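Engineer: Below are the structure tokens for one structure; questions will follow.
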Amino acid sequence: MDSDEPEVVRICKCGHDLVVRTSWTNSNPGRRFQSCSGDAGNQYGVFEWIDPPRCRRSIDVIPGLLKRLNNQEKQLKDNGQKLHGLEAREDDIMVYRLCEIVACVIILVLLILYLRATIVCM
């Protein structure tokens, strides 16, 4: 079904529309077919290939490419989760450093107050 061809809605024997699906099996990777859209699935035997059979080379190559793509997507997701964890840890470090600065300021204020009290007592 190329974009130039008019789309014909076909009806299954059970009354549901036929839908276009894509096979991702190793023997028919990326090959489109029509089947029933109903819950009964393929009960009525309605199944038609839309695309011609793939050549041997594409049957050998496409599953490996899909596997590599899926692995890269998983790695990208894992890296995103790691990055989020690092960002959270960075936020924790910034809060800790801010607390250190506040503690230093408090110590300086106490030291100044102590020195003022010491000078006044002299």
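Engineer: Check ILE119, ILE62 and return the single one that is more than 30 Å from LEU18 (Cβ to Cβ) and of a type outside the set (Lys, Arg). Let's see the steps before the verdict.
Structural biologist: Details: ILE62 fails: more than 30 Å from LEU18 (Cβ to Cβ).
Unique residue meeting the criteria: ILE119.
Engineer: Considering ALA103, ALA88, which residue is modelled with pLDDT of 85 or more, part of a helix (DSSP H, G or I) and among the small types (Gly, Ala, Ser)?
Structural biologist: On the way: ALA88 fails: modelled with pLDDT of 85 or more.
Just a single option satisfies the conditions, and that option is ALA103.
Engineer: May I ask you to verify whether ASP78 is of a type in the set (Asp, Glu) and within 21 Å of the chain's Cα centre (by Cα)?
Structural biologist: Values: of a type in the set (Asp, Glu): yes; within 21 Å of the chain's Cα centre (by Cα): yes.
In short, yes.
Engineer: Let me ask you something else. Considering every residue within region 66-85, establish whether at least one is of a type in the set (A, V, I, L, M, F, W, C), more than 27 Å from SER23 (Cα to Cα) and assigned to a helix (DSSP H, G or I).
Structural biologist: Taking region 66-85 and keeping what is of a type in the set (A, V, I, L, M, F, W, C), we get 66, 69, 76, 83.
Adding the requirement that they be more than 27 Å from SER23 (Cα to Cα) leaves 83.
Subset that is assigned to a helix (DSSP H, G or I): 83.
Yes, region 66-85 contains a residue that is of a type in the set (A, V, I, L, M, F, W, C), more than 27 Å from SER23 (Cα to Cα) and assigned to a helix (DSSP H, G or I).
The values are calculated or read from the model by the stated rules, or taken from the named source; none is laboratory data. The structure presented is a predicted model; accordingly, all values stated were derived computationally and were not measured. Backbone-built Cβ (ideal geometry, glycine too); neighbour counts: all protein chains shown.
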